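Beneath this line is the structure, given in structure tokens, with notes to follow.
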Amino acid sequence: MPDLTNLVRPLRSLPFTKASRERHTSAVSIDWTIESSPTIILGSDDGSLPSFLSGQLSLNIKEDSAEIEGFSAGLVVHTIQKRPFKNRCADCKDQSVTLHKWQFLTQPTTLRNGSHQFPFSTLIPDHLPASIDSALLSVSYEFQAEAHFKPKDTPTSAPQTATFTRTLTVRRSLSVPSGPLSSTRKFPSAGININSQIDSIIRPGGVNKVSLTLDGLLNCPGNGQNHQLWRIWKGAWRLEENIKAVAKACERHSDAASATGSTSLVRNKTRLLGEKGIYSGWKSKDAEGTAEMEFSFDIRQNSNSPQLTYSYDTKSLDGTEVTHLLVIELVFVKEHFPEGMPHLAIRTGVGRILRLNYRVALADDPNMGSGWVVESLPCYQDEWSSPPGYLDDEVLQEEISN
């Protein structure tokens, strides 16, 4: 039987086995530390103030040393149009723009074992859209880094590559008041006034309340006729999400589209985030013709969905816009009764539906402010309890003469 020892031995020393590839790939790794806020807050939608991103990349050498042939990073805005300018066109659907690129090492450099720090920073212009994943488009900010290296034990082999990818969350500050919004709606045809109080900024996972005060429900003719009363029968609310996006043509289709006069298409979509009927919970004072009601609303979607799907309010110069609208409908029936006897009220068969629309903003942070840290000037009271005293002119001249 032939000796197979010499045939088996070379197979054990091959440099391209699976274990060897894993050892080479793990020889260098990349990590990062964000020094600025992990959530980038863009300012107002006029693009007047950029936001700051800063941090440090760590190039970790796990062997005695490694030859780094190149080390670079970039910040990319990745946009996917789910209803692109041209169907079945990959370039119209998927577009990427590099905002900034860093070249840390451009020549072969030998680094010893340990962690090596490379700082980075950039400004993110405010005209860019915020992070979003909606039915019309998705926008993500991707920080990508890669290092090309040769392990020490195989310097003559082909360079290996270590990659690093993270997604940044970019939000836009809201130009809406943070406190409760109070308003009065008048319906002259019915003679009803509705005073409302509602939070202008709502939370996806929180309980958002609405308070309504109604008056003018009672009509007293004063000529001996029966009094007429608008009685609340039922109500309902629904929360709508309105999305607007602009699908731009790719370079290949823009030339042909410019001949027709448009290189972009506006897309709109309205989604229902939640709805519920209101059948009780109000307090009526028939003798005064007033009523009060309070209820809560939230995002209610199909129970079969693994998680809630929604987008935060945003607006950018490229045409991307997300808004939310709370619609409240109240159904009234008219009753009449003799003066002083509301317990004898009888329905007349006349009804009225009143609809209330409220612009609300959906946000995950109650303090959606600017990305810059604004420091106020120190107050005088921080140093002294009161301003210094000043002498009158006559007293001052007398002290100078003395």
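Summary of values
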| read-out | value |
| --- | --- |
| Whole-Å semi-axes of the ellipsoid equivalent to the stretch 245-306 (Cα gyration tensor, √5λ, descending) | 51, 18, 7 |
| Inverse of mean 1/r across different Cα pairs in the stretch 138-288, Kirkwood, Å | 23.1 Å |
| Cα gyration tensor, the stretch 229-280 - rounded (a/c under 1.5), prolate or oblate | prolate |
| Residue order for 171, 88 - accessible surface, 1.4 angstrom probe, largest first | 88, 171 |
| Candidate residues 309, 290: accessible-area rank, largest first, probe 1.4 Å | 309, 290 |
| Area projected by the alpha carbon convex hull of the stretch 165-239, averaged over all directions, nm² | 8.3 nm² |
| Taking only Cα atoms of the stretch 199-258, radius of gyration then Dmax in Å | 25.7, 79 |
| Convex hull volume per residue in cubic angstrom - Cα atoms of the stretch 72-200 | 210 Å³ |
| Global geometry of the stretch 26-92, whether rounded, prolate or oblate, following the gyration tensor of its Cα atoms and the 1.5 cut on a/c | oblate |
| Cα-based radius of gyration of the stretch 237-358 once divided by 2.2 N^0.38 Å, which approximates compact folds | 1.73 |
| Inter-label distance, nm, simple model (7 Å from Cα along the C-beta direction), residue 283/residue 225 | 3.3 nm |
| Extension gain (nm, one decimal) between residue 72 and residue 123, 0.36 nm per residue minus Cα-Cα | 16.6 nm |
| Förster radius 51 Å - calculated FRET efficiency between residue 161 and residue 266, Cβ distance, rounded to 0.05 | 0.80 |
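The values are calculated or read from the model by the stated rules, or taken from the named source; none is laboratory data. This is a predicted model, so every value here is computed, not measured. Quick reminder, even Gly has a Cβ in these numbers, built from the backbone with ideal geometry, and neighbours come from all protein chains shown. All accessible areas refer to the heavy atoms of the entire protein, side chains included, with ligands and DNA or RNA removed. Shrake-Rupley method; radii C 1.70, N 1.55, O 1.52, S 1.80 Å.
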